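**Q** Take a look at this one; I'll ask things after.
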Amino acid sequence: MTEPSLHRRLGMSDAVIIGLGSMLGAGIFVALTPAAAAAGSALLIGLVIAAVVAYCNAMSSARLAAIYPVSGGTYVYGRERLGDFWGYLAGWAFVVGKTASCAAMALTVGLYAWPAHAHVVAVAAVVALTAVNYVGVQKSAWLTRAIVAVVLMVLTVVVVTTLASDAGSVDSLEVGSDARVTGILQSAGILFFAFAGYARIATLGEEVREPTRIIPRAILVALGIALVVYATVAATALWALGASGLATATAPLAAMTQAAGAGWLTPVVRIGAAVAALGSLLALILGVSRTTLAMSRDGHLPRTLAEVHPRFGVPHHAELAVGAVVAVVAATADVRGAIGFSSFGVLLYYAIANASAMTLSRVERRPPFIVCAVGLVGCVVLACTLPRASVISGVVVIVIGIAIYACRIALARR
């Protein structure tokens, strides 16, 4: 018997918006401060490195997604190109890493919307968005479209207001003596957390119309738009606050408006940040639940998670399970720790994507070998240069995943 399929309802603009909704919420309002603390005045160099690695990953993922237009993303690509173990490892890294991302985004909603009760708001946000995803991916895309529009308007107002003031200095954009190679690479690893949102497009491969045409284009369009937005906001933040000011700002965009003498914009920024994080959380839950669906179909996770709702055409058991786990993590986790842990898992996920793309033939239109190689090496290097606590916790969780896989194989052989 064949597994029930998801419904193909998403077009080009829907796919791009889902990717943007995930990326904009993460990068602008969460990752700039820890990245600036690591790279100092060389923050923009770290951003460029993260963008290059993300571009290589996007090229590999886009080509693989066109060949394998089903739910699961690199879990499917690794399984088909490298073997069952590598597919499983990619899926495990994605699910645990992006579960941490979900918690980080939920906590961002709480920290901006109601700081005194951030964890309570975070859990409420997870419950509400899980309910939205449950009633259909099309409704999720519509809501994400509205969220992205609001976020882009807020960012435009903040950047224009800041640049129109005399608060900043061009000297702040120069790379100073505080720049260190290890710090720059660490900042790139942290900022990669912000770029990884386009993975959501690939994981929705079974719900996109004309996936072989739409998915590759949507991935590159979403990544390009996000890069322009990130570079503009990061450069403006450095100009207005300097590296040290940005590194210590608890809410960098709000600090930009204060520096520009436009404190009246602070409530608008807080609303925009909460809305952006909601958009990112919405897209993240979509992606994690679809990878969970794919792994469940193959027996790596309980098969009940592969159930597709007969009316809404979504993996409802997977969505409820992901929502429950994220709610628990959001109630207890620290946002910065969640970002580092997430980056480690996602970088491993994309390392496997690049290795999978290397196995494509010319007939399958493999990306240039140098692109796959830079993506693979870049992911490994950035993962290793993340904060020590993130690397240690990431390694521990990956080892646990490998142990679970080994036990499952041993039981199957009996």
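The values are calculated or read from the model by the stated rules, or taken from the named source; none is laboratory data. This is a predicted model, so every value here is computed, not measured. Counting neighbours? That spans all protein chains shown, and the Cβs are built from the backbone with ideal geometry, glycine included. Please note that ligands, DNA and RNA were not included when accessible areas were found on the heavy atoms of the full protein model with its side chains. Shrake-Rupley method; radii C 1.70, N 1.55, O 1.52, S 1.80 Å.
**Q** Probe 1.4 Å, all protein chains in place: accessible area of Ile271 in Å², nearest 10?
**A** Roll a 1.4 Å probe over it and Ile271 shows about 110 Å².
**Q** List the residues, sorted by chain then number, that are 5 or more residues from Leu10 or on another chain and whose placed amide H is less than 5 Å from its amide H.
**A** Result for Leu10 returns Val208, Arg209.
**Q** Okay, moving on. With angles folded into 0 to 90 degrees, how steeply does helix 137-164 sit against the dominant principal axis of the chain? Use alpha carbons for both and round to 10.
**A** Computed tilt is about 20 degrees.
**Q** Another question, if that's okay. Could you give the Stokes-Einstein D for segment 303-414 in µm² per second, using the C-alpha Kirkwood radius, 20 °C, 1.002 mPa s?
**A** 125
**Q** A follow-up question, please. If you fit an axis through the alpha-carbon atoms of helix 316-332 and take the longest principal axis of the Cα set of the chain, what angle between them do you get, 0 to 90°, nearest 10?
**A** 40
**Q** Turning to a different aspect of this structure: Give the angle, between 0 and 90 degrees and rounded to the nearest 10, that separates the Cα long axis of helix 43-67 from the longest principal axis of the Cα atoms of the chain.
**A** That works out to roughly 20 degrees.
**Q** Moving to a separate point now. Give the Cα extents of segment 300-367 along the principal axes, in whole Å, largest first.
**A** If we take the Cα atoms of segment 300-367, the spans are 46, 39, 20 Å.
**Q** Follow-up. Roll a 1.4 angstrom probe over the protein heavy atoms and tell me the percent of accessible area of the chain that is carbon or sulfur.
**A** Of all accessible area on the chain, carbon and sulfur atoms account for 68 percent.
**Q** While we're on this one: Rounded to the nearest 20 Debye, what is the dipole magnitude of segment 81-231 about its Cα centre when Lys and Arg each give +1 and Asp and Glu each give -1 at the C-beta?
**A** Computed charge dipole of segment 81-231: roughly 540 debye.
**Q** Over segment 15-151, give the accessible area per residue in Å² for a 1.4 Å probe, as an integer.
**A** Value for segment 15-151: 27 Å² per residue.
**Q** OK, next. As I understand it, the dipole of the chain uses +1 on the Cβ of Lys and Arg and -1 on the Cβ of Asp and Glu, about the Cα centre. Which of Val326, Ser280, Ala353 lies farthest toward its positive end?
**A** Selected residue: Ala353.
**Q** Work the Kirkwood hydrodynamic radius out for segment 144-245: mean of 1/r over every pair of different alpha-carbon atoms, inverted, in Å.
**A** Over segment 144-245, the inverse of the mean reciprocal pair distance is 16.2 Å.
**Q** With only Lys, Arg, Asp and Glu charged, each at its Cβ (+1 for the first two, -1 for the last two), find how big the charge dipole of the chain is about the Cα centre; round to the nearest 20 debye.
**A** 1040
**Q** Percent relative contact order of the chain, based on C-alpha pairs within less than 8 angstrom and at least six residues apart?
**A** Computed over the chain, the figure is 35 percent.
**Q** While we're on this one: At 7 Å along Cα-to-Cβ for each site, give me the label-to-label distance between Ala231 and Ala146 in nm.
**A** Roughly 3.3 nm, to one decimal.
**Q** Another question, then. As a test question: what accessible area, to the nearest 10 Å², does Trp142 have when a 1.4 Å probe is rolled over all protein chains in place?
**A** 150
**Q** Heavy-atom accessible area of Asp84 with all protein chains present, probe 1.4 Å, nearest 10 Å²?
**A** Estimated to the nearest 10 Å², Asp84 gives 60 Å².
**Q** Give the average over all directions of the projected area of the C-alpha convex hull of the chain, one decimal, in nm².
**A** 18.9
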